[in-house]
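Novice: Mind having a look at this structure? Questions to follow.
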Amino acid sequence: MNPIEILSTYWPRLLDGTLMTIKLTLMGALIAALVSPGLALIRTQAGPLVQVPLRLYVSFVRGTPILAQLFLIFYGSGQFRPLLQEWGLWGFFRDPFNCALLTFALNSTAYQTEILRGGILGVPSGEIEAAKAIGMTRAKTMQRVIFPHAYRIAWPALGNEVILLMKASALASVVTVFDLMGRTRQVFSKTFDFSVYLWAALIYLGITAIFVIVWRQAEHRISRHLNPIAWERSKDKSLKATES
């Protein structure tokens with residue numbers, strides 16, 4: 001079969017795998033995004049003893065391959081089956097998708113925590129002092145000064161982390177989660193045609209390109225106050241393009 005025939009014959013499977021890849025990536029990144037701000041605050045403001053467990057967790061995740069982490073959760077949980085059944089958690093850990101999602105969420109949480117920690121430390125101390133001077137509470141300072149500025153600083157690095165997570169999601173296929181790479185391997189086992197891997201690579205590239213465009217647009221919006229003239233020009237161009 002030629003590459004066009006491969007695509008026309010097996011596109012439903014590739015589409016199904018693509019949707020699974022997007023689902024794993026977005027859910028894993030979203031869970032990490034909800035947890036990491038609190039952990040980043042612990043990393044920047046808590047005492048050394050409180051930080052020890054978090055530092056160990058971050059060091060372990062960043063220092064070990066994500067494939068090893070996936071095996072530890074998926075295969076390792078089977079060693080504790082009686083205990084997990086007693087706690088009512090075996091139904092969760094017996095599902096390969098849940099194990100893959102948990103692995104990616106834990107992995108991304110560690111990286112996003114460190115990225116946000118750097119963003120928080122990058123907030124100028126003068127802005128924090130100014131917030132205190134006008135009577136802002138600690139919570140208001142966090143909400144209106146520290147986190148908005150920290151996210152603007154960390155935004156490009158957070159985007160890179162989501163892209164890396166999307167590419168790492170291909171490892172989910174080794175625990176029978178049929179993401180894009182899993183479906184690609186299925187198709188190859190039937191056709192023995194390497195062109196299916198080319199199509200998979202192009203799909204990954206397409207997903208990444210779309211994500212980068214969306215992420216950069218979001219970056220321009222959250223940074224528009226730094227260059228309002230350029231922002232207004234880009235907005236005028238967008239309006240003209242829409243009208244035409």
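Novice: Between a first residue in segment 82-98 that is over 27 Å from K23 (Cβ atoms) and a second residue that is of a type in the set (S, T, Y) and not in a loop (DSSP other than H, G, I, E, B), which pairs have beta carbons less than 9 Å apart while being 6 or more apart in sequence or on different chains?
Specialist: none
Novice: Return the residues of segment 181-218 that are out of contact with any helix residue (DSSP H, G or I) (no Cβ under 6 Å at 6 or more places or on another chain) and of a type in the set (G, A, S); say none if nothing qualifies.
Specialist: Within segment 181-218, S189, A201, G206, A209, A218 meet the criteria.
Novice: Go through (1) over 21 Å from F97 (Cα atoms); (2) at pLDDT below 90; (3) in contact with a helix residue (DSSP H, G or I) (Cβ under 8 Å, 6 or more places away or on another chain) for T176 and report which single condition fails.
Specialist: For T176, the failing item is (1).
Novice: Within segment 9-107, considering only helices (runs of 4 or more DSSP H) that don't extend past its boundaries, which have at least 1 residues that are open to solvent by 40 Å² or more (accessible area, probe 1.4 Å) and under 24 Å from M166 (Cβ atoms)?
Specialist: 48-63, 66-74, 90-93
The values are calculated or read from the model by the stated rules, or taken from the named source; none is laboratory data. Here the structure is a predicted model, which means the values were calculated and not measured. Backbone-built Cβ (ideal geometry, glycine too); neighbour counts: all protein chains shown. Quick note on the areas: whole protein, heavy atoms, side chains included, nothing else; ligands and nucleic acids left out. Shrake-Rupley method; radii C 1.70, N 1.55, O 1.52, S 1.80 Å.
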